[in-house]
Amino acid sequence: MTVWFSQEAIAAWRAPPRSTPDGQARYSDLVIETALILRAVFRQPLRQTEGLVSSLFALMGLVLPVPDHSTPSRRAGTLVKPPAG
């Protein structure tokens, strides 16, 4: 298995500042989507997916924050899905 993160993905890892009074998201939708895709591919619970992402970053020498297991669970329903077809 080969996993890589493009420079664009690394740059987009943190969420852009919000202009609404809601709480500030720490992670972009890209992060949440990446975690959920890895979860589906490896058929893992979110806690194990959190560990997988941490391990991948360590192996790749990337210093990026990893969302805790509850963040993808909470934000999964708010992701904008691309139109089908």
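Listing for the model above:
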{"read-out": "Pick from the range 31-85, criterion β-branched (V, I, T), in a helix (DSSP H, G or I) and surrounded by fewer than 13 Cβ atoms within 10 Å (Cβ to Cβ), ranking: nearest to the chain's Cα centre (by Cα)", "value": "I37"}
{"read-out": "Positions within the range 47-75 being in contact (Cβ under 8 Å) with a residue 24 or more places away in the chain and out of contact with any Lys or Arg (no Cβ under 6 Å at 6 or more places or on another chain), in sequence order", "value": "L56, M60, L62, L64, P65, P67, S70, T71, P72, S73, R75"}
{"read-out": "Filter pass, R14 being among the basic types (K, R), at pLDDT 90 or above and surrounded by fewer than 18 Cβ atoms within 10 Å (Cβ to Cβ)", "value": "no"}
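The values are calculated or read from the model by the stated rules, or taken from the named source; none is laboratory data. Bear in mind that the values here come from a model prediction, so they are computed numbers and not experimental data. Virtual Cβ from ideal backbone geometry, glycine too; neighbours counted across all protein chains shown.
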